[in-house]
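The structure under discussion appears below in the form of structure tokens.
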Amino acid sequence: MTLRALTRRRLLAGAALASALAVAGAAAPAAAQGPSGGTTLIIGKDGWLFPGWESLTVLDRAGITANVGLIKDAKASLAARGITLITLVVPLKARFYAARLPDGTSLSADVAGQYDFILDELKKAGIDTLDLRPALKSVETGRQTSFYRADYHWTAWSSEAAADAVAAFIKTKVSKLAGAPGGDKLGEWVTQRHLGDLAERFLPPDQQKQVGPDLYTVRTPPAAKASLLDSGPAPVHVVGNSFVQPYLGFPQKLSNGLDRPVSLTWNPGNVGPWVTFLQAVGTPDFAKAPPQVLVWQFNEGPFHSGPQAADQWDAPSLMSGETWRERMRAAIGK
């Protein structure tokens, strides 16, 4: 499923609260759908659940370096069209809640340094990125958490904190964004109860009852404006997975912080970042009116997985790295 929001109105139209969380539950890679209690899920303390398909012990340096090479090629093609690329890597949930992991389970020394390794490789390749750990840590006050207890995703608080950090970073990279001022107006906060996607997908009913629902504090979509006219093409386009979906507020908060429209292409996590990127840059709208800035979101856990990773992405998404590179260059036109 891809949500393309070419204007503020289109972006918010796809953010119905009743259905968005069900879509969020599709974030897990298809290869992780095995028997409950196996490697698909790590059952931690106090009902905390962690994705078992993200290794806590193995650092795939070669895979990470190879993927940084593909991203570097994408940056060069985008730059030839005057587009600035910014990469965004969401840290591991277990990195923030190591104390909630089951006894005997912990991050290895290699994985403890994995996030820094990824950022260092991106920076050495000349790819703009930023460390999201301070932003996510800043929301940990009172009962607020960086990630949902029984869900794969970061909370809406983390999503908005990350969006603020990205907005500030964009302002350091682009002297003036195109278009007239007019960012999204943020809705009111509401709290809902949902069973986390990890619990819903990987636990049997009796264990689901034991874990119970999580509280999801999210914003309601603001009321639609009377005018059907918007301010033109968005100068910033976000590409990613369900972490940046409108339900959790990332594109709206980014738009609000930049005071400009923000457009979006996202897919569930099993589709992967590589096909989603091709979808974003392969449209007539992108060809006619490309954004000034493209924000490409990844997750730390599967960052090592290239376009050919059959253990992470669904079959229609798979291709060799060279095929992806060729399709990317053809789509961007450089």
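The values are calculated or read from the model by the stated rules, or taken from the named source; none is laboratory data. Keep in mind that what you see is a predicted model, and the values were worked out from it rather than measured. Quick reminder, even Gly has a Cβ in these numbers, built from the backbone with ideal geometry, and neighbours come from all protein chains shown. In case anyone asks, the SASA skips ligands and DNA or RNA and just uses the protein heavy atoms, side chains included. Shrake-Rupley method; radii C 1.70, N 1.55, O 1.52, S 1.80 Å.
Values computed for the structure shown
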{"item": "Every pair of residues 6+ apart whose Cβ atoms lie under 8 Å, when the first sits in segment 104-115 and is within 17 Å of Phe303 (Cα to Cα) and touching a residue at least 60 places away in the same chain (Cβ under 8 Å) while the second is of a type outside the set (Val, Ile, Thr) and open to solvent by less than 40 Å² (accessible area, probe 1.4 Å)", "result": "Gln114/Leu59; Gln114/Leu92; Gln114/Glu300; Tyr115/Pro91; Tyr115/Leu92; Tyr115/Glu300"}
{"item": "Search result, residues across segment 116-127 that are open to solvent by less than 40 Å² (accessible area, probe 1.4 Å) and either in contact with a strand residue (DSSP E or B) (Cβ under 7 Å, 6 or more places away or on another chain) or assigned to a loop (DSSP other than H, G, I, E, B) (or both)", "result": "Ile118, Leu119, Leu122, Ala125, Gly126, Ile127"}
{"item": "Subset of segment 68-97 (residues that are farther than 18 Å from Glu121 by Cβ and either in a helix (DSSP H, G or I) or in contact with a Leu (Cβ under 8 Å, 6 or more places away or on another chain) (or both))", "result": "Ser77, Leu78, Ala79, Ala80, Ile83, Thr84, Lys93, Ala94, Phe96"}
{"item": "Residue within segment 126-142 that is under 30 Å from Asp73 (Cα atoms), touching a residue at least 40 places away in the same chain (Cβ under 8 Å) and of a type in the set (Ser, Thr, Tyr) present", "result": "yes"}
{"item": "Any helices (runs of 4 or more DSSP H) falling wholly within segment 215-307 and containing at least 2 residues that are touching a helix residue (DSSP H, G or I) at 6+ places or on another chain (Cβ under 8 Å) and modelled with pLDDT under 95", "result": "none"}
{"item": "Within segment 37-76, tally of residues that are more than 30 Å from Ala330 (Cα to Cα), open to solvent by 30 Å² or more (accessible area, probe 1.4 Å) and within 19 Å of the chain's Cα centre (by Cα)", "result": "2"}
{"item": "Condition check for Gln208: at pLDDT 95 or above and out of contact with any strand residue (DSSP E or B) (no Cβ under 9 Å at 6 or more places or on another chain)", "result": "yes"}
{"item": "Which listed residue is buried (at least 18 other Cβ atoms within 10 Å of the Cβ) and of a type in the set (Gly, Ala, Ser), from Ala80, Ala150, Ala98", "result": "Ala150"}
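Every residue, every condition in (1) within 25 Å of Leu49 (Cα to Cα); (2) modelled with pLDDT of 95 or more; (3) assigned to a strand (DSSP E or B); (4) in contact with a Gly (Cβ under 8 Å, 6 or more places away or on another chain), yes or no:
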| position | (1), (2), (3), (4) |
| --- | --- |
| Ser158 | yes, yes, no, no |
| Ala167 | no, yes, no, yes |
| Ile170 | no, yes, no, no |
| Ser175 | no, no, no, no |
| Gly179 | no, no, no, yes |
| Gly182 | no, no, no, no |
| Thr191 | yes, yes, yes, no |
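Yes/no matrix, rows are residues, columns are (1) touching a His at 6+ places or on another chain (Cβ under 7 Å); (2) surrounded by 23 or more Cβ atoms within 10 Å (Cβ to Cβ); (3) within 28 Å of Thr145 (Cα to Cα):
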| residue | (1), (2), (3) |
| --- | --- |
| Gly240 | no, yes, yes |
| Ser255 | no, yes, yes |
| Ser263 | yes, yes, yes |
| Asp285 | no, no, no |
